[in-house]
Amino acid sequence: MVDLSLEFCGVKFPNPFTLAAAPTTDSAEMVARAFEAGWGGAILKTTSVETEEVSLVYPMMSGIDLEDKKLMGLQNIDLISERHIDEVEKDVKALKKEFPDKVVAASIMGSKKEDWQELVRRLEAAGVDLIECSFSCPHGMPERGMGSTIGQDPELTERTARWVKEAATRVPVVIKLTPQIADITAAAAAVKRSGADGVCAINTLKSLIGVDLDTFIPYPNVGGFSTYGGYSGPAIKPVALRCVAEIAKAVDIPIAAVGGISTWRDAVEFLLVGATNIQICTAVMHHGFRIIEDLIDGLSVYLEEKGMSSVKELVGKSLPFIVDHSVLSRAYKVISNVNRETCIKCDVCYIACRDGAHQAIELDEDRFPIILEDKCKGCGMCETVCPVEGCITLIPRES
Amino acid sequence: MSVRPRMKELSDEERKSGFDEVEKGLALHQALPEASRCLFCHDAPCVSGCVAGIDVVGFIRRLKTRNFIGAARLAREANVFSAVCARVCPSEEQCERPCSSTNLAEPIAIGALHRFITDEELKRGIRPRQAGTPTGKKVAVIGAGPAGLTCAHELAAQGHEVTVYEAEDEPGGLMIYGIPRYRLPREVVNKEIEYALSPGVNVKTGVRVGKDISFDEIKKDYDAVFIGIGLGYRTQADIPGHDLPGALDAGEFLRLAALGEAPRLSGDVAVIGGGNVAMDAACTAIRAGADKVIVLYRRTEEEMPAWKREIEFARKEGVEFRYLVAPLRFVETDGKLAGIECVSTKLGEPDSSGRPRPEAVPGSEHVVDVSYAILATGQAPWPEAKEVFSGIELNPSGTVKVEPDTLATSVEGVFAGGDAVNGGKTVVQAVTDGKLAAKSINDFLSK
Ligand SMILES: Cc1cc2nc3c(=O)[nH]c(=O)nc-3n(C[C@H](O)[C@H](O)[C@H](O)COP(=O)(O)OP(=O)(O)OC[C@H]3O[C@@H](n4cnc5c(N)ncnc54)[C@H](O)[C@@H]3O)c2cc1C
Ligand SMILES: Cc1cc2nc3c(=O)[nH]c(=O)nc-3n(C[C@H](O)[C@H](O)[C@H](O)COP(=O)(O)O)c2cc1C
Ligand code: SF4
Ligand code: SF4
């Protein structure tokens, strides 16, 4: 058996799969079901002090499909939890009692120093394992000087994180970052300077998911008006992966990865670029807590097949292979190669090369694509469109 | 919305000239989009459609994320003969029938996806199962078909000492001696038999209970017994002239073909019957050299018990179908078969099976000239079972009588399942019976 347990900010997770702060963690009943299904930890939905008014609007969810595939991306205009710290305290106590080996973390948001510090003290007393601070919600909260307003300013980030860290006597403090900043490593460095223990990257991206062509009202239509929201799901994975890699290369601080993770394969990628905890939100909202079965089984089988005994062995393995663009070899040349055995002669590669690249594909009398050696630059566009797995490959040129 | 993929098949020429497997499985670029067409339904209907209760939606999700081995192991947990069933199950009638995707386009090609993951597993080798901690109890299993082998596997994994008695020289039952290799290659069956035996099952082949060892002796030496003897090979034949040279029995013919000893055929060959065995006999006859194969069936295609896919398969190989015709007797010339005297039929009132009764049309007698006739009108239970398993209560049809919930026979500690009980169904039903019997036997032994 492979060991899936992983430490994050000194807290031992039975497996790296953690529910992100979101509707999936907005009650102890839901989190209990997730723990029973096998999840390693949960960040309870962001809460605040009782005096902070939370006023939600509906509908708040809108999806975008990739042709016939549902939910390539999800936009929400949800805010933090309507359930204040008094209720969350009770959830923490109940969950810790029933699931002492699972990690129960809370997410908090405050508007002033006293609020942040009060939240920390009360959660610590309730028995939480870790505290996450949302400096990163891109919609609604910034209008009140909260959420991503903080995360977008390294100085504010450092100051606020310091308040939280000061109040925390027992448990580690993690700051959840926004990708909507010119240099996310500056925000991570600010967290490091504050003394907080780790970062979580990324929260949602600010978006406008679409417009109704008949009414001209963007989605979601809330009584005739709409607003910008937070974008999540598979579509944002490459952004999240980049953010985690950049932070891991620049700042020595534990990273919880979140953003577009749906499968064990995604999780492996985030571990490879340096994350030591994996959070998931949209994939669970779409497919349910049950996806944990395949996450755990897939990761275990992968490690087994790689001959690794612990998930720790994956962490950061890909970082040495990421370099600046200017460092990449100019001498390395490849050429496209078509496998005639598997080619189905759809010729979409031909179109892509002709109108999107270098006019380096010709068709023979049987419609087979022929790569013109002198014209092919090896850009790889043809490979990205070919519907047959492994049919087009880029092979190194002779000299 | 992408559509259901089709497996690659041998060309028309290739398939007729040998026993190579005809269907080649899905390619990766077909399997992945098909898996992602699955809706991952709540309380997925496909799972209840699977006779063996495989977590279909679970394995499709694993396949989709390219966790092929995890997918295959999940299926194998519920079905010891996972790779065999992926090939021979009538999935259109089982897991695929209730698939929710049917309401959008077509059901997910579950059978083909199941085959894809088992092929991946076979490529790497099936992980053997460990024997359980010894319990000191001994169980005898009679018959090494899918029912007996599954039962033996599960019991050995529970720590019981299991011995399988098999009359033939090799274990496997109809997976080896019935279902033709062009649909189910020997390598696949052999690898799964090896897996079935992996938790330390003992097998005694070439031992026929009732001849080489008595049932009483077995009952005496073991704490519990499972009977999985299947059906007899031979068709009930009551057509005059059925012992002429040139008149063959489908069960016997397929058995010889499996051993590589099928008679070389020539000229026109008639197959009498409309079930799956008839389809297999027809396609095997083509491979054995027949110029033309004609299936004679006394009702119409509508009533034919063969599965749609088997009929399509035979039709693709050029098998001709003649409906509403019944054989009266075999016609002899020079001491061997030369034709079949038939009568035309019409459909009458429904009979006990609910299908319309074929009625002879007076004056329509005619001879169909053929060099060979293969009789495939259904196997019957072993006729000698009554004497061999004396004390065990049988049904009027000759099948073994059991409690449906436990598969217990009328004799305490003796259980039965598979074709011997149900009169001939499927491999997956035999596997499922084997599992249920193992559970009952385990409960019985832990009392
Ligand atoms: C031609 C043909 C095609 C088929 N095609 C399909 C298909 O496509 N899909 C499908 O699901 N099913 C198919 N079936 C049915 C399927 O093969 C059977 O339902 C299944 O094999 C039954 O399993 P079993 O274990 O009950 O019996 P069997 O497979 O018949 O095994 C019984 C075993 O017991 C042994 N035995 C019998 N008597 C004794 C004795 N006294 N002592 C010791 N051993 C004994 C026999 O030698 C045999 O090995 C087909 C059957 C035939 C004949
Ligand atoms: C409906 C919804 C509500 C969310 N609420 C919170 C929240 O209260 N606090 C928080 O830190 N993040 C919140 N998030 C952001 C997620 O935790 C996560 O960072 C983001 O969705 C990206 O991950 P994903 O692609 O796996 O969904 C929310 C996301 C969604 C979709
Ligand atoms: S896209 Fe791929 S399959 Fe289509 S013609 Fe080009 S190489 Fe062949
Ligand atoms: S019923 Fe069909 S669509 Fe639904 S989970 Fe099963 S295979 Fe997928």
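To the nearest 10 degrees, how steeply does helix A:85-98 sit against the main Cα axis of chain A, on a 0 to 90 scale? On a 0 to 90 degree scale, this one is about 70. In a DSSP loop and with at most 12 other Cβ atoms within 10 Å, the GluC sites (Glu not before Pro) in the range A:252-350 are A:E341.
Averaged over the residues of peptide B:60-70, the number of Cβ atoms from other protein chains lying within 10 Å of each residue's Cβ is 6. Of the GluC sites (Glu not before Pro) found in the range A:9-76, the ones in coil according to DSSP and having at most 14 other Cβ atoms within 10 Å of their Cβ are A:E50, A:E53, A:E67.
Classification of chain B by its C-alpha gyration tensor yields an oblate form. The axis ratio a/c (a ≥ b ≥ c) is 1.5 or more, and b/c is at least a/b. Under the combined filter of DSSP loop state and at most 12 neighbouring Cβ atoms within 10 Å, the range A:141-225 retains these trypsin sites (Lys or Arg not before Pro): A:R170. Here is the P(r) of the protein assembly as shown: all C-alpha pair distances, binned every 20 Å from 0, give 13, 35, 30, 18, 4, 0 in whole percents. Comparing Cα centroids, the range B:378-437 and the range A:40-74 end up 57 angstrom apart.
The charge dipole of the protein assembly as shown, taken about the Cα centre with unit charges on the Cβ atoms of Lys, Arg (+1) and Asp, Glu (-1), comes to about 1540 debye, rounded to the nearest 20.
Between 0 and 90 degrees, rounded to the nearest ten: what's the tilt of helix A:292-305 against the longest Cα principal axis of chain A? Roughly 60 degrees between the two axes.
In degrees, nearest 10, range 0 to 90: what is the angle between the Cα axis of helix A:184-194 and the longest Cα principal axis of chain A? The angle comes out at about 30 degrees. Pull out a ≥ b ≥ c, the square roots of the eigenvalues of the alpha-carbon gyration tensor of the range A:53-147, then state rounded if a/c is under 1.5, prolate if not and a/b is larger than b/c, and oblate in the remaining case. Oblate, since a/c reaches 1.5 and b/c is not below a/b.
Distance from the Cα centre of the range A:81-126 to that of the range A:262-321, in angstrom? The distance from the Cα centre of the range A:81-126 to that of the range A:262-321 comes to 27 Å. On the principal axes of its alpha carbon atoms, chain A extends 75, 57, 40 Å, with the longest extent given first. Rounded to the nearest 5, what is the percent of antiparallel bridges among the DSSP beta bridges in the protein assembly as shown? Counting DSSP beta bridges with both partners in the protein assembly as shown, the antiparallel share is about 40 percent.
In this structure, the pairs whose alpha-carbon distance is over 32 Å, taken from A:K70/A:K377; B:K386/B:K439; A:K12/A:K113, are A:K70/A:K377.
Solvent exposure of B:S344, expressed as accessible area, is near 40 Å², computed with a probe of 1.4 Å over the protein chains only. Working ranking of peptides B:376-386, B:127-137, A:147-157 by packing, defined as the average number of other Cβ atoms within 10 Å per residue, highest first, is A:147-157, B:376-386, B:127-137. Remark: the range B:124-264 carries 43 Å² of accessible area per residue (probe radius 1.4 Å; ligands, DNA and RNA excluded).
How would you classify the range A:8-52 from its alpha-carbon gyration tensor, with a ≥ b ≥ c the square roots of the eigenvalues: rounded for a/c under 1.5, else prolate if a/b is greater than b/c, otherwise oblate? Cα axes put the range A:8-52 in the oblate bin. In the complete set of protein chains, residue-level accessible area for A:E166 is approximately 110 Å², probe 1.4 angstrom. Between the range B:29-62 and the range A:163-192, the C-alpha centres lie 42 angstrom from each other. In the complete set of protein chains, residue-level accessible area for A:L208 is approximately 90 Å², probe 1.4 angstrom.
The values are calculated or read from the model by the stated rules, or taken from the named source; none is laboratory data. In this text the structure is predicted, and so the values were computed from the model without any measurement. Reconstructed Cβ throughout: ideal geometry from the backbone, glycine too, with neighbour counts over all protein chains shown. The accessibility values were calculated without ligands, DNA or RNA, using every heavy atom of the protein model including side chains. Shrake-Rupley method; radii C 1.70, N 1.55, O 1.52, S 1.80 Å.
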